[in-house]
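Only one structure is covered here, and it is reproduced in the block below.
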Amino acid sequence: MKINRRDFLKKTGQSAIVLAVPAIASSILEGCNNNITNPTSDSSSLPNVNDTYSNGIVKLTVDSSSPISKAGTAVMLNYQNGQLLVDHPSVNTFNALSPICTHQGCLISNYDYGSYQFVCPCHGSRYDVNGNVVSGPAPSPLQKYQAQFSGSLLTVNVG
């Protein structure tokens, strides 16, 4: 069977693409895996705090014995229907964020006290205290919830 130059080049190009796809896919996946070795080396596990939930509102008492009483601290707040990342960036200011990484849905459980950043233990994505992505691979910020602080009571509207 005789093959012309056009058909030869077409078949050669198709073969090259078929051979290149696994290498490209491997390269993309390797990008995520590069951070897996120790993405949390500069961070610590967040302290866990349990508190009450009623009608879409989470209530947390913040007194001198609370691990989140001082500015610059953060906790994992566990409540009846879920979990929240709560940080205390400055006096009387608190943020409540979803603990689910926007990269691949891992539970964010670490905090870098030196840079005041939440760190995903799976691939090393970092978020600031407002939930904004500082470094990826996370593509978008964490969901933020309305938090109010009055007296010693922090309330978070989780809907």
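A few comments on the model shown:
- Every residue from the stretch 141-159 that is part of a loop (DSSP other than H, G, I, E, B) and surrounded by 15 or more Cβ atoms within 10 Å (Cβ to Cβ): PRO141, LEU142, VAL158
- When the stretch 75-91 is filtered for residues that are surrounded by fewer than 21 Cβ atoms within 10 Å (Cβ to Cβ) and either in contact with an Asp or Glu (Cβ under 7 Å, 6 or more places away or on another chain) or of a type in the set (Ser, Thr, Tyr) (or both), the ones remaining, listed by number, are TYR79, SER90.
- Looking across the stretch 104-116, just one residue is without any contact (Cβ under 8 Å) to a residue 40 or more places away in the chain and surrounded by 18 or more Cβ atoms within 10 Å (Cβ to Cβ), and that is ILE108.
- Just one residue in the set ILE100, ILE108 is closer than 22 Å to LYS70 by Cβ and among the β-branched types (Val, Ile, Thr); that residue is ILE108.
- Meets criteria (β-branched (Val, Ile, Thr), in contact with a Lys or Arg (Cβ under 6 Å, 6 or more places away or on another chain) and surrounded by fewer than 21 Cβ atoms within 10 Å (Cβ to Cβ)) for VAL134: yes
The numbers here are math on the coordinates, done by the rules we state, and not lab data. All values reported here derive from a predicted model rather than from experimental measurement. Cβ: placed from backbone, ideal geometry, glycine included. Neighbour counts: every protein chain shown.
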